[in-house]
Amino acid sequence: MVHGGTAVNILAKEAEVTWEYRALPGRDTGAIIETVKRRAESQVLPKYRARAAEAAFHTTLHAQYPGLAMDEASPAILLARELTGANQVEAVAYGTEAGHFQNYGIPAVICGPGSIEQAHRPDEFCAVGELEACEMFLRKVILKAQT
């Protein structure tokens, strides 16, 4: 996203660019951030400084999380498959905290009610039937933990 300026026909004195990179497992997010910073400094900034010597870029990292590596032998995945009856696991193209858990040796799986197709957009929703199915799944997890 790009924000800045006061009118479409006036160059902005300041602008903010917000971008996101969702790391795949094993990717070095620090190296990617450094690549973007290096390219901005070497390829874009000189063009700005040719007209305004005070031009500068400032980078602020707001959050960072590792991707969840697919491990079909993970106890979390095996449990989720057992309780749902699923025959396969799938990767997802969105970020969660699951990669943090995995990095600390805690088995993790991403599952839950609703559809990513309806999440994080205007009028997002989760159907009641999805919440009921989630409740049943969690009840199965609790029963499994008690045995």
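The values are calculated or read from the model by the stated rules, or taken from the named source; none is laboratory data. Please read all numbers here as calculations on a predicted model, not as lab measurements. All Cβ positions, even for glycine, are placed from backbone atoms using ideal geometry, and neighbour counts span all protein chains on display.
Miscellaneous remarks
- The residues of region 60-79 that are more than 19 Å from the chain's Cα centre (by Cα) and over 10 Å from Pro107 (Cβ atoms) amount to a single one, Glu72.
- Single residue of region 70-83 satisfying the filter (part of a loop (DSSP other than H, G, I, E, B) and either acidic (Asp, Glu) or touching a residue at least 12 places away in the same chain (Cβ under 8 Å) (or both)) that is nearest to Gln146 (Cα to Cα): Ser74
- Count - residues of region 37-52 that are more than 17 Å from Thr18 (Cα to Cα) and either touching a His at 6+ places or on another chain (Cβ under 8 Å) or surrounded by fewer than 11 Cβ atoms within 10 Å (Cβ to Cβ) (or both): 7
- Residue among Ala108, Ala127, Ala91, Ala86 that is free of Cβ contacts under 8 Å to residues at least 60 places away in the same chain and either surrounded by 13 or more Cβ atoms within 10 Å (Cβ to Cβ) or assigned by TED's automatic domain parsing to the domain that holds Pro25 (or both): Ala108
- Which numbered condition Ala40 misses (of (1) under 15 Å from the mean Cα position of the chain (by Cα); (2) closer than 30 Å to Ala12 by Cα): (1)
- Total residues in region 94-105, condition at pLDDT 85 or above, on the phi < 0 side of the Ramachandran plot and surrounded by fewer than 11 Cβ atoms within 10 Å (Cβ to Cβ): 1
- Residue count for region 6-58 under the criterion of being in a helix (DSSP H, G or I) and farther than 30 Å from Thr96 by Cβ: the result is 9.
- Tabulated pairs, region 20-38, first under 26 Å from Ala56 (Cα atoms), second surrounded by 12 or more Cβ atoms within 10 Å (Cβ to Cβ) and of a type in the set (A, V, I, L, M, F, W, C), C-beta under 9 angstrom, 6+ apart or interchain: Tyr21/Ile32; Tyr21/Ile33; Tyr21/Val36; Thr29/Ala23; Ile32/Ala23; Lys37/Phe57
- Restricting region 59-70 to residues that are surrounded by fewer than 16 Cβ atoms within 10 Å (Cβ to Cβ) and in contact with a helix residue (DSSP H, G or I) (Cβ under 9 Å, 6 or more places away or on another chain), the residue that is nearest to Gln102 (Cα to Cα): Ala69
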